[in-house]
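Chemist: Sharing a structure here in structure tokens format.
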Amino acid sequence: MSYFSARCLVTGGAGFLGSHLCERLLDHGHEVLCVDNFFTGRRTNIEHLLDNKRFELMRHDVTFPLYVEVDRIYNLACPASPVHYQHDPVQTTKTSVHGAINMLGLARRVGAKILQASTSEVYGDPSVHPQPEEYWGNVNTIGIRSCYDEGKRCAETLFFDYRRQHDLAIKVVRIFNTYGPRMHPNDGRVVSNFVVQALKGEDITVFGDGEQTRSFCYVDDLVEAIMRMMETPADVTGPINIGNPGEFSILELAEKVIALTGSNSKIIRLPLPQDDPKQRRPDITKAKQILDWEPTIRLEEGLKKTISYFDNLLAQKPATA
Ligand code: NAD
Ligand code: UDP
Ligand code: UDP
């Protein structure tokens, strides 16, 4: 696939996924404006890009208007880990909703294409399995996950209304659990938690009975799909599921991490958080057809790369850095 040089805005660009996306866009010859308020993102994630003349970093909160000139907007700004998005739930909803309005307003003014990083959480605790894009979901409007789930659902609504009302060039991808290097060691999501716990020889914290399932996509596969999506013809809006259809129970994940790290850590059980989805697996038929894409990195391979990243990180400095 060939890409031409564009001025790309990546909101949430100093975060886990955003930093990988910035890097890949630069590799493809694009200019990148990385906008982040550093709520969960870190300067160290993009430090290696700062010397690149085509890279610019701006500290900014997307809930406030932003006036810049760009051709492409990748809207990733939003904490993604339950621990972080529940820390200040009102701000989480504002980030998704006000952030979407501001970025859509920007796209409208400058005539940019805009891609929304939506989520499998729009399906809630799904009663249809695996989840196709046509499924409308099973979401609690008033629970502790609702700030994220409903914020992201409203953002999708805004994207499609800007398309209908203002003929905006929109792209919506629904991202399923993605993992890899540059997740924050205290991020709270399951892969980083288990890997860091195993490497430190601490107890592995399985919530509930560990029979709940997730499908884990390695970050490089995910970024490739996002970049392909942005370059699709104008009539391709999505929403399109992006994820790895390999489905594992949380207990299986814990066992794999222990085996791959050779850790002596023990598995312990903690209470299952409220509204924790029981099962999740993407139906990626559309991504295969429309993007000619499917994941190439198996869980064990991706876990090895992730373990190696955290191993180096923990050797350098305390996990809080
Ligand atoms: P992350 O927390 O590492 O990154 C989010 C980034 O957004 C951080 O750099 C954070 O500082 C920034 N941010 C948060 N609020 C902001 C605001 N108001 N203004 C500007 N910047 C702000 O998480 P991630 O995993 O990289 O997720 C990136 C995006 O992808 C999010 O929108 C998330 O909802 C979506 N997503 C991720 C996954 C996944 O498994 N990683 C799954 C589904 C959806
Ligand atoms: N906006 C922005 N940058 C721009 C243009 C607009 O941040 O370059 C924001 C601004 O806050 C505005 C919102 O996007 O309120 C929605 O813009 P739109 O033009 O859709 O509607 P408006 O609110 O201006 O009527
Ligand atoms: N989980 C767990 N131990 C942890 C962190 C998470 O058992 O230390 C479980 C969590 O309850 C959920 C799954 O792992 O069932 C995935 O959680 P994560 O926060 O990574 O993402 P989610 O898909 O729930 O948004």
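The values are calculated or read from the model by the stated rules, or taken from the named source; none is laboratory data. The structure presented is a predicted model; accordingly, all values stated were derived computationally and were not measured. Heads up, the Cβs are rebuilt from the backbone with ideal geometry, glycines too, and the neighbour counts pull from every protein chain shown. Protein only, heavy atoms only, side chains kept; ligands, DNA and RNA dropped before computing areas. Shrake-Rupley method; radii C 1.70, N 1.55, O 1.52, S 1.80 Å.
Chemist: Output ³J(HN,Hα) for region 189-202: one whole-Hz value per residue in order, computed from phi by the Karplus curve 6.51 cos²θ - 1.76 cosθ + 1.60 with θ = phi - 60°, and x for Gly and Pro.
Modeler: Per-residue couplings from phi come out as 6, 5, 5, 5, 4, 5, 5, 5, 4, 5, 5, 8, x, 8 Hz.
Chemist: Suppose a student asked you for the relative contact order of the chain, using Cα pairs under 8 Å spaced at least 6 residues apart; what percent would you report?
Modeler: Dividing the mean separation by the residue count of the chain yields 17 percent.
Chemist: Say the cut-off is 25 Å between C-alpha atoms; which of Lys171/Lys278; Lys113/Lys288; Lys266/Lys305; Lys94/Lys171; Lys171/Lys286 go over it?
Modeler: The pairs that break the limit, which is 25 Å between Cα atoms, are Lys171/Lys278.
Chemist: Going by the alpha-carbon gyration tensor, a ≥ b ≥ c the square roots of its eigenvalues, is region 256-321 rounded (a/c under 1.5) or, if a/c is not under 1.5, prolate (a/b greater than b/c) versus oblate?
Modeler: Oblate.
Chemist: I'd like the Karplus ³J(HN,Hα) series for region 61-66: coefficients 6.51, -1.76, 1.60, θ = phi - 60°, whole numbers in Hz, and an x wherever there's a Gly or Pro.
Modeler: 9, 5, 6, 9, x, 9
Chemist: Using packing as a proxy for protection, rank 27-34, 134-141 so that the peptide with the highest average count of other Cβ atoms within 10 Å comes first.
Modeler: Taking the mean over residues of other Cβ atoms within 10 Å, the ranking is 27-34, 134-141.
Chemist: Let me ask something else. Please sort 305-311, 97-103, 42-48 by packing, taking for each peptide the average over its residues of neighbouring beta carbons within 10 angstrom, highest first.
Modeler: 97-103, 305-311, 42-48
Chemist: Could you do me a favour and compute the accessible area per residue for the chain, 1.4 Å probe, result in Å²?
Modeler: Spelled out: the 1.4 Å probe surface of the chain, per residue, equals 43 Å².
Chemist: Turning to a different aspect of this structure: Name the residues whose placed amide hydrogens come within less than 5 Å of the amide hydrogen of Asp283, ignoring near sequence neighbours (fewer than 5 apart) on the same chain.
Modeler: Gln131
Chemist: Using +1 at the Cβ of each Lys and Arg and -1 at the Cβ of each Asp and Glu in the chain, identify which of Val196, Tyr218, Leu21 lies farthest towards the dipole's positive end.
Modeler: Leu21
Chemist: OK, next. In terms of the Cα gyration tensor, with a ≥ b ≥ c the square roots of its eigenvalues, is region 41-131 rounded because a/c is under 1.5, prolate because a/b exceeds b/c, or oblate?
Modeler: Prolate.
Chemist: Once label points are set 7 Å from the Cα along Cα→Cβ at both Asp209 and Met58, what is their separation, rounded to one decimal in nm?
Modeler: The modelled label-to-label distance comes out at 5.1 nm.
Chemist: With only Lys, Arg, Asp and Glu charged, each at its Cβ (+1 for the first two, -1 for the last two), find how big the charge dipole of region 121-252 is about the Cα centre; round to the nearest 20 debye.
Modeler: So the dipole magnitude of region 121-252 works out to roughly 340 debye.
Chemist: Label points 7 Å out from Cα along the Cβ direction at Thr237 and Val128: separation in nm?
Modeler: Placing both labels 7 Å beyond Cα along the Cβ direction yields 1.8 nm.
Chemist: In degrees between 0 and 90, to the nearest 10, how far off the longest principal axis of the chain does helix 299-316 point, with axes built from Cα atoms?
Modeler: For 299-316 against the chain, the angle is about 80 degrees.
Chemist: Any idea how far apart His87 and Gln165 come out in nm if each label point goes 7 Å out from Cα toward Cβ?
Modeler: Label at His87, label at Gln165, 3.3 nm between them.
Chemist: Can you list the lysines whose alpha carbon is less than 18 Å from that of Lys304, not counting same-chain residues fewer than 8 positions off?
Modeler: Counting by Cα, and skipping residues close in sequence, Lys304 has these lysines nearby: Lys200, Lys256.
Chemist: While we're here: Of the listed peptides 13-23, 206-216, 237-247, what is their order by residue-averaged count of other C-beta atoms within 10 Å, with the highest listed first?
Modeler: With the highest mean Cβ count within 10 Å placed first, the list reads 13-23, 237-247, 206-216.
Chemist: Ok, one more. Compute the FRET efficiency between Arg109 and Leu50 as 1/(1 + (r/R0)^6), taking r as their Cβ-Cβ distance and R0 = 22 Å, and round to the nearest 0.05.
Modeler: 0.20
Chemist: Using only helices, what value at 222 nm comes out for the chain when you add -39,500 (n - 2.57) per DSSP H run of length 4 or more and divide by the total residues, to the nearest 500 deg cm²/dmol?
Modeler: Rounded to the nearest 500, it is -12000 deg cm²/dmol.
Chemist: How many angstrom separate the Cα center of region 106-181 from the Cα center of region 253-321?
Modeler: The distance from the Cα centre of region 106-181 to that of region 253-321 comes to 23 Å.
Chemist: Stretch Cys154-Glu255 to full length: gain in nm at 0.36 nm per residue minus the Cα-Cα span?
Modeler: The Cys154-Glu255 span can extend by a further 32.7 nm.
Chemist: Compute the acute angle (0 to 90°) between the alpha-carbon long axis of helix 250-261 and the principal axis of greatest extent of the alpha-carbon atoms of the chain; round to the nearest 10°.
Modeler: Roughly 80 degrees, rounded to the nearest 10.
Chemist: Can you send over the carbon and sulfur percentage of the accessible area for region 62-163, probe radius 1.4 Å, protein chains only?
Modeler: After summing per-atom areas, the C and S share lands at 56 percent.
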